[in-house]
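Here the structure comes first, spelled out in structure tokens, and everything after it is commentary.
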Amino acid sequence: MPNATSPARRPPPLYPLKDFFRNPDRGFFRLSDDGKTLGFMQPVALDDHPPRMNIHVQALQDGRPVGAPRRLTGETARDISNFFWKGADIVLYQKDFGGDENFHVLAVNAHTGAAHDLTPYPGVRAGIEDDLPDDPDHVLISHNQRDPQVFDVYRVNVRTGAAVLVAQNPGNVVGWQTDHAGKVRAALTSDGLETTLLYRDDEGAPFRPLITTDYRTTVSPAFFTFDDRKFYALSNRGRDTLALVIIDPAAPDAEELVYATDQVDLDAAGYSRKRRVLTLAAYQTDKPRRHYFDAHTEALYRQLETLLPGYDVALQGWNRDEDTFIVAAYNDRTPGARYLFQSVTGALHKLADINPSIPEADMAPVRPIQYTSRDGLIIHGYLTLPAGREPRGLPCIVNPHGGPWARDGWGYNPEIQFLANRGFCVLQMNFRGSTGYGRRFWEAGFGQWGLAMQDDITDGVRWLIDQGIADPARIGIYGGSYGGYATLAGIAFTPDLYAAAVDYVGVSNLFTFMNTIPPYWKPLLAKMHDMVGHPERDRERLAATSPALHVNRIRTPLLIAQGAQDPRVNKAESDQVVQALRERGVEVEYLVKDNEGHGFHNDENKFEFYAAMEAFFVEHLKP
């Protein structure tokens with residue numbers, strides 16, 4: 001824990017807000033399958049529009065980029081958020097309109113720049129199910145054009161857009177799984193409360209039910225074994241944490257345990273497509289961890305850790321031969337750099353620093369912490385103390401995560417570093433209901449929005465005060481989505497605790513929230529009613545814990561930011577709070593963006609939001 005000794009150095013300078021939040025000059029590096037071309041994104045201003053992240057390609061020779069990059073795409077409305085290679089000559093990316101999350105899948109020829117919208121259907125959400133690496137012309141895409149509530153799978157030609165249905169959703173499939181040959185062989189169905197894993201031996205056979213569990217039990221297929229006869233899955237059947245197991249469809253109840261950690265869930269497992277072996281399992285305790293199954297993979301990571309000391313390393317892509325890799329090197333104080341690594345020669349070539357304008361040495365370490373809730377649960381979290389300041393009597397910002405079925409982890413977070421640079425300490429906590437800590441901890445959050453989940457946040461504030469770190473008169477709260485709900489609940493139900501609050505696309509009314517979810521969430525509505533609350537059965541509790549129905553208690557200065565196209569947290573969630581507070585004369589700033597959805601993505605909107613947040617917290621918390 002920090003002690004009260006005087007700081008070893010002076011506070012760093014205040015770095016410009018835009019330097020924390022702007023898009024990188026070059027980033028999102030991806031390798032073509034043959035390893036001969038590098039794809040990346042960089043911001044480009046076209047036709048008097050603001051700069052947007054667009055895809056570029058550049059030739060590679062001997063592990064280095066050569067020649068001038070070529071721009072492939074010309075998006076002007078919104079950044080492209082991600083892309084990947086299909087073979088050696090096609091690039092695939094997704095785009096939505098105004099943040100509505102109705103993504104289209106587009107294919108671009110890397111040589112000619114010719115683009116195809118593979119899913120040109122308005123109001124339809126599409127995604128890639130399998131890139132079919134052994135088929136040069138096709139990918140599997142799922143979309144909900146036939147029925148807005150469910151997703152069917154199509155084999156789509158990336159050159160012509162021609163599509164053939166390969167799996168029609170009977171109305172309750174919420175996830176599909178392919179084998180290594182790209183055949184749709186498994187599916188997860190849900191009525192909300194029960195989940196059934198369906199399986200078939202080949203695409204010509206009908207699906208048959210294999211495993212049925214209640215939704216509290218997870219059996220999630222990860223990938224098939226390399227003979228395509230069994231499959232690896234993340235499962236917590238009969239245990240508290242998610243483990244990696246092998247399931248044989250001939251005896252589905254007898255799981256073969258491959259790897260587990262008792263204290264946390266496994267997040268994912270990886271494999272080598274070329275060598276057909278299991279490579280690693282990934283999980284997160286206080287920091288990201290890996291368990292290696294394969295000496296070759298472990299040696300590769302150890303080699304990179306030796307070449308890049310002081311940084312966590314992650315592989316972000318590789319060629320089909322698995323001998324050339326995109327490597328990310330980062331830590332809690334910097335998003336770091338990206339490199340091209342050739343494992344045969346050991347050559348490491350730096351491609352870019354992701355944010356060179358923010359010096360790592362001036363940023364603040366992110367410390368894992370824990371405290372005990374009022375009813376005895378251990379709550380894990382992260383404390384970021386402003387650099388060069390004595391950790392006593394600080395203005396602090398409590399930052400509950402969204403989800404809420406997610407978790408905060410260790411690493412670089414520009415929001416956290418920005419607030420620390422402005423002199424605030426920041427506390428993030430994984431309150432009950434957060435994922436990653438096993439089933440019991442997750443289930444402890446059921447029916448506890450605004451109740452024990454909120455108490456865990458309040459207990460974190462009390463812990464900060466008891467440690468002497470926080471000035472009790474200068475504590476703010478900020479969160480997005482569920483974190484926005486927790487922000488509103490904090491100032492409605494513990495109004496004496498917070499001196500300022502920022503709600504970013506947050507839920508305010510548990511009745512209206514569940515009435516306005518997207519149609520493709522409808523199959524999971526029964527589960528939402530069970531985990532959060534039922535509008536009739538739990539009416540009293542939902543009314544008691546909906547901040548919008550208790551705005552008469554709010555007196556804390558409040559800033560709300562909302563995207564008008566948000567499909568998850570409808571704009572009405574924010575409107576009703578703003579209207580009620582303004583009628584009472586309580587200070588509330590309201591920032592709405594018509595071209596954004598669940599969170600702001602365009603640079604100019606991000607800058608405006610963070611500038612408003614900074615001015616607001618500086619005014620009320622006086623760092």
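The values are calculated or read from the model by the stated rules, or taken from the named source; none is laboratory data. If you're wondering where the values come from, they're calculated on a predicted model, not measured in any experiment. Note: ideal-geometry Cβ built from the backbone for every residue, glycine included; neighbour counts use all protein chains shown. Heads up: the accessible areas ignore ligands, DNA and RNA and are worked out on the full protein's heavy atoms, side chains in. Shrake-Rupley method; radii C 1.70, N 1.55, O 1.52, S 1.80 Å.
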Farthest positive-ward along the chain dipole, Cα basis, beta-carbon charges - from P43, F446, F418: F418
222 nm mean residue ellipticity, helices alone, for the chain (DSSP H n ≥ 4; -39,500 (n - 2.57); rounded to 500): -5000 deg cm²/dmol
Net length gained if the chain between A88 and D25 were fully extended (0.36 nm per residue, minus Cα distance): 20.2 nm
Karplus (6.51, -1.76, 1.60) ³J(HN,Hα), θ = phi - 60°, over the range 147-162, in Hz, Gly and Pro reported as x: 8, x, 8, 9, 10, 9, 10, 10, 8, 10, 7, 6, 9, 10, x, 4
More than 21 angstrom apart: percent of Cα pairs within the range 325-481: 52
Cα centroid of the range 10-45 to Cα centroid of the range 87-149, whole Å: 24
Protein-only accessible surface order, largest first, of Y271, Y371 at 1.4 Å: Y271, Y371
Dipole axis of the range 378-621 (+1 Lys, Arg; -1 Asp, Glu on Cβ), positive-most option in N515, H620, L581: N515
Residues whose placed amide H lies under 5 Å from that of Y590, excluding near-sequence neighbours: I560
Compactness of the range 536-623 - radius of gyration and Dmax, Cα, Å: 14.8, 46
Relative contact order computed over the chain (Cα-Cα under 8 Å; 6+ residues apart), in percent: 11
Accessible area in the full protein assembly, largest first, 1.4 Å probe, for E255, E596, E619: E619, E255, E596
Whole-number D in µm² s⁻¹ for the range 378-621, Kirkwood Cα-pair radius fed into Stokes-Einstein, 4 °C, 1.567 mPa s: 72
From phi via Karplus (6.51, -1.76, 1.60), per-residue ³J(HN,Hα) for the range 557-567 in Hz, x at Gly/Pro: x, 9, 10, 10, 10, 8, x, 5, 9, 4, x
3J(HN,Hα) from dihedral phi, the range 342-347, Karplus parametrisation 6.51/-1.76/1.60, rounded to Hz, x for glycine, proline: 9, 5, 5, 9, x, 6
Amide proton proximity set for T279, modelled H, under 5 Å, gap of 5+: G270, Y271, S272
Two-site label geometry, T212 and S272: point separation in nm, points 7 Å out along Cα→Cβ: 4.2
Sites T306 and Q467, calculated FRET efficiency, Cβ-Cβ separation with R0 22 Å, nearest 0.05: 0.05
Proximal lysines relative to K36, as straight alpha-carbon distance under 29 Å, when same-chain residues fewer than 8 apart are discounted: K86, K95, K183, K274, K350
Of all accessible heavy-atom area on the chain, the percent that carbon and sulfur account for (1.4 Å): 48
Cβ-placed point charges (K, R +1; D, E -1), dipole of the range 493-623 about Cα centre in debye, nearest 20: 480
Furthest towards positive pole of dipole, S357, I128, T494, structure part the chain, Cβ charges: S357
Accessible surface of V502 - all protein chains present, 1.4 Å probe, nearest 10 Å²: 0
Heavy-atom SASA rank of T195, T212, T487, T112 (probe 1.4 Å, accessible area, largest first): T112, T212, T195, T487
The chain - accessible surface per residue (Å², probe 1.4 Å): 40
For the chain, size of Cβ-based charge dipole, Lys and Arg +1, Asp and Glu -1, in debye: 840
For the range 378-621, size of Cβ-based charge dipole, Lys and Arg +1, Asp and Glu -1, in debye: 560
Accessible area of H534 in the full protein assembly, 1.4 Å probe (Å², nearest 10): 40
Calculated P(r) over Cα pairs in 10 Å bins from 0, in percent (choose from [x] 3, 14, 24, 29, 21, 8, 1, 0; [y] 3, 17, 27, 28, 16, 6, 2, 0, 0; [z] 3, 13, 18, 19, 14, 10, 8, 7, 5, 3, 1, 0, 0), label: [x]
Qualifying lysines (Cα of each under 22 Å from Cα of K522; at least 8 residues distant if same chain): K571
Per-residue SASA entry for R374, accessible area with 1.4 Å probe, Å² rounded to 10: 150
